[in-house]
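Worksheet for the structure shown next.
The values are calculated or read from the model by the stated rules, or taken from the named source; none is laboratory data. All values reported here derive from a predicted model rather than from experimental measurement. Cβ sites come from the backbone with ideal geometry, for glycine too, and all protein chains shown count toward neighbours. To get the accessible areas, we keep the full protein, side chains included, count just its heavy atoms, and leave off ligands, DNA and RNA. Shrake-Rupley method; radii C 1.70, N 1.55, O 1.52, S 1.80 Å.
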Amino acid sequence: MIFRTIDYFEGKVRIIDQTLLPSIEKYLDLGSVDEVAEAIRSLKVRGAPAIGIAAAYGVLLSLETFLKQTVSDPPPFFFDRTNGKAITAGSEPDMRSVRVKLLQAIDILGATRPTAVNLFHALDRMRKIVEREDLDIHLFCGKMKEEAFRIFDEEIETELKMGEYGSSLLKDGMSVLTHCNAGGLATAGYGTALGVIYSAASEGKKIDVFADETRPLFQGSRLTAWEMMKNDIATTVLCDSAAASLISSGKVDLVITGADRVARNGDTANKTGTLTLAIICSKYKIPFYVAAPLSTFDLEAETGAGIVIENRDRDEVVLFQGVKIAPSGVRVYNPAFDVTPASLITAFITEKGLIYCPFDINIEKTFSAGE
Ligand code: MRU
């Protein structure tokens with residue numbers, strides 16, 4: 001099943017509000033770049049590939065808003081996948097002010113969350129068009145729309161390919177443990193780590209899934225378990241701290257997680273708690289796979305030390321549904337991600353196939369093969 005996580009529909013960015021799941025399935029139509037930025041910051045839309053797409057759509061939305069404010073007699077919307085509208089001839093805004101506006105939007109979106117590199121890759125792709133000087137406003141609008149939708153389309157294709165490669169690791173009857181949510185909700189709709197499981201299930205393999213609840217925001221129990229149940233895949237939720245005893249009991253065949261940023265040497269940032277899992281897997285000799293599209297690799301980061309880790313609000317840890325669960329004033333440590341050293345990773349599952357050790361050499365080869 002492909003989830004409708006994010007879409008650009010009739011001049012608005014449409015997302016499912018992930019903070020309300022699994023209790024409420026509500027779609028939000030975001031009408032300004034500030035609303036998109038807020039949705040990313042508050043995790044209404046989350047997961048590395050999904051926030052990359054949200055950022056690209058956010059830039060398109062900023063262009064949409066600017067056109068509505070500046071052209072005479074604007075239509076109800078300009079951009080939509082199938083049904084876009086043209087600017088009336090004679091009321092074109094000047095390209096310089098369009099560029100200023102869009103570069104501001106890129107800065108706003110770029111300041112939302114620092115770790116997932118997909119956000120910056122998507123913004124860089126949009127920026128390249130914004131900075132082109134050879135386009136009139138009509139051609140410019142066409143290119144901006146094309147690029148934003150292409151980012152989405154490439155992502156979904158990538159996820160399906162990763163699923164195929166990854167499913168070769170799964171045999172009928174195996175059990176997989178995963179952390180956080182790297183499924184349709186976190187991506188263009190199919191998933192990375194969960195896409196591998198969907199792919200195996202679609203080939204008729206029976207896979208048993210264990211989902212770490214993923215404190216403090218419960219992406220595992222709220223989102224992964226929700227997706228799995230929607231797809232009729234047998235799933236057990238566990239507290240993060242129960243993963244060690246589960247793995248030591250031999251009930252897990254392999255672990256697959258997603259990633260927010262992979263450095264050149266294979267060190268990988270992903271949701272807090274991923275490192276703990278990788279250490280447990282190494283102790284009990286269980287394979288630990290990372291499913292990550294190439295858009296999640298950051299070749300400018302030599303090692304994990306070059307990855308900025310987001311620290312989030314203390315209230316995420318000390319409050320539960322508004323109720324205090326720690327004494328007022330206590331100090332809080334709340335990094336949203338941790339970095340798993342490459343030495344603890346068995347292989348990466350990507351759209352170009354599996355990448356094994358030595359990661360620095362093989363990551364490089366995978367990228368240069370695509371040039
Ligand atoms: O803070 P979040 O929920 O955005 O963190 C998401 C994760 O860590 C995911 O595992 C990662 O983005 C991979 S999503 C395919």
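Computing Rg and the Kirkwood Rh from the Cα coordinates of the chain gives a ratio, Rg/Rh, of 0.99. Projected onto its three principal axes, the C-alpha set of region 1-80 covers 43, 20, 19 Å, listed from the longest axis down. When the P(r) is computed for region 6-158, the part past 20 Å accounts for 45% of the Cα-Cα pairs. Seen through its C-alpha gyration tensor, with square-root eigenvalues sorted a ≥ b ≥ c, region 145-222 comes out oblate because a/c lies at 1.5 or above while a/b is not bigger than b/c. Sequence gap at least 6, Cα distance under 8 Å: using those rules, report the relative contact order of region 6-158 to the nearest whole percent. Taking the mean separation of contacting Cα pairs over the length of region 6-158, I get 25 percent.
If both residues of a DSSP beta bridge must be in the chain, then about 55% of such bridges are antiparallel. Measure nothing but the geometry: give the 0 to 90° angle between the long axis through the Cα atoms of 359-369 and the longest principal axis through the Cα atoms of the chain, rounded to 10°. That works out to roughly 40 degrees. The slack in the chain from Arg331 to Ile361, taken as 0.36 nm per residue of separation less the alpha-carbon distance, amounts to 6.6 nm. What the chain shows is 42 Å² of accessible area per residue, with the surface traced by a 1.4 Å probe over protein heavy atoms. Pop the C-beta distance of Ser202 and Gln104 into the FRET formula with R0 = 41 Å and round what comes out to the nearest 0.05. Efficiency, rounded to the nearest 0.05: 0.40. Output the 0 to 90 degree angle, nearest 10, between the alpha-carbon long axis of helix 274-284 and the longest principal axis computed from the alpha carbons of the chain. Helix 274-284 sits at roughly 30 degrees to that axis. Looking at region 173-237, the DSSP beta bridges with both ends there are about 10 percent antiparallel. Could you tell me which of rounded, prolate or oblate describes region 186-317, using a ≥ b ≥ c as the square roots of the eigenvalues of the alpha-carbon gyration tensor, with rounded for a/c under 1.5 and, failing that, prolate when a/b is larger than b/c and oblate otherwise? Here region 186-317 falls in the rounded category. Here the sum of -39500 (n - 2.57) over DSSP H runs of 4 or more residues, divided by the residues of the chain, equals -12000 deg cm²/dmol at 222 nm, to the nearest 500. Comparing Gly166, Gly273, Gly84 in a Gaussian network model of the chain where C-alpha atoms under 10 Å apart are linked, the largest mean-square fluctuation is found at Gly84.
An ellipsoid equivalent to region 120-183, defined through the eigenvalues of its Cα gyration tensor, has semi-axes of 38, 12, 8 Å when rounded to whole angstrom and sorted largest first.
Largest GNM mean-square fluctuation across Phe66, Phe348, Phe152, computed for the chain with C-alpha springs under 10 Å, falls on Phe66.
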